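The values are calculated or read from the model by the stated rules, or taken from the named source; none is laboratory data. Here the structure is a predicted model, which is why all the values come from computation and not from measurement. Every residue, glycine among them, receives a Cβ derived from its backbone with ideal geometry; neighbour counts consider all protein chains shown. Ligands, DNA and RNA are excluded from the accessible area calculation, which covers all protein heavy atoms including side chains. Shrake-Rupley method; radii C 1.70, N 1.55, O 1.52, S 1.80 Å.
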Amino acid sequence: MNIYDVSKRAGVSIATVSRVLNGNPNVSEKTRTKVLTVMAESGYTPNVFARGLGLGTMKTIGIMCSDSSDPYLANAIYHLERQLRSHGYDSLLCCTGTSLENKRIYFELLLSKRVDAVILAGSKFVELIDKNNDYLIEAAKEIPVMLVNGYLDFPGIYSTVCNDYQAMYDAVSRLIASGKRNILYLYTSHSYSGLNKVEGYKNALTDHNIPVRREYIHQCPKDLHQSKKLMNKLFGIGLEFDAVMTSDDSLAVGAVKYASEKKIRIPDELAVIGYNNSLLSYCTNPEISSIDTKVEQLCTTTVETLMRVFDGGSVPAKTVIAAEFIQKQTTNF
């Protein structure tokens, strides 16, 4: 018998079982009695070590990401773990995928391990349907929930975000100022970050009196082969574009490969801008101009904010980090 079995028999979440074990007052007496009865009947005894030896902390932080093979997220995890270690904290990593059900399961798993806080790396943990964020809001009543480049406005949830809207707006404005008018936009997701990026793209066009045309905005899997395939398809139907703005460097790599295949001169005939300034942007010829989202600063600020929360200090619910445009060879501003 373990905490999962207790949760299943009692018909409650693992988080609720954890609250009962910790003596948390935010559990109804009826639920508390039900959980304790299941424990008594099954002979379940919580592991003393897992309950922090009575010290009130395990000095452990949970980290969740959707895909640790993603260069951006892998980099974020590296900086988060390094910064946590510098403060004497260990970490537990869960790679959840994009399924909401899996996110909830892994989140409850971390709660069952009595972590002192949970850090969610990447904007895909903020769901567009409000009720799907309830599990985060409830957990934040018990432990700090830290969002790296995601935002939820609720007590106990602290966000460190890159100003993706402004970064995208400025980059598109640079393209327009250089004479580009038919700017293709390729994006990977409708996440919190993704929505800010597309708004930056649209508003930059509008503010420069260029119409926003749906045929120039396309979602694409985060895969260089898919982005190249998509651009070949658009070329085949006669869509003309003189610049490609992307939400991720992988899509920009596909744009460079597309141009090479079609003998299109970069940046004169086609300008390309990536996003995240990852290693991928340096691996092509020409190297890709990209937006540096300051992932190290995002992660360092997240951990420093968490430490201030632990110390009981005054902490802003949202901290915004400015991005930086990195000029390389695919633009000629």
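Taken together, the residues in segment 200-247 that are open to solvent by less than 80 Å² (accessible area, probe 1.4 Å), in a helix (DSSP H, G or I) and closer than 30 Å to S68 by Cβ amount to 8.
Residue-level check: of (1) under 21 Å from L73 (Cβ atoms); (2) open to solvent by less than 50 Å² (accessible area, probe 1.4 Å), V172 misses just (1). I'm trying to understand the selection: among the residues of segment 72-84, which are open to solvent by 20 Å² or more (accessible area, probe 1.4 Å), farther than 17 Å from G150 by Cβ and touching a residue at least 12 places away in the same chain (Cβ under 8 Å)? E81, Q83 - these are the residues of segment 72-84 that are open to solvent by 20 Å² or more (accessible area, probe 1.4 Å), farther than 17 Å from G150 by Cβ and touching a residue at least 12 places away in the same chain (Cβ under 8 Å). The set of residues in segment 250-283 being assigned to a helix (DSSP H, G or I) and surrounded by fewer than 24 Cβ atoms within 10 Å (Cβ to Cβ) consists of K257, Y258, A259, S260, E261, L279, L280, Y282.
With the structure loaded, tell me whether S193 is out of contact with any Leu (no Cβ under 8 Å at 6 or more places or on another chain) and surrounded by 23 or more Cβ atoms within 10 Å (Cβ to Cβ) or whether it fails that test.
yes
Regarding segment 52-71, can at least one residue be identified that is crowded, with 19+ Cβ neighbours inside 10 Å, assigned to a helix (DSSP H, G or I) and either touching a residue at least 12 places away in the same chain (Cβ under 8 Å) or aromatic (F, W, Y) (or both)?
no
Take the conditions crowded, with 18+ Cβ neighbours inside 10 Å, polar (S, T, N, Q) and either modelled with pLDDT of 95 or more or part of a loop (DSSP other than H, G, I, E, B) (or both) and apply them to S314. Does it pass? Criteria not met by S314.
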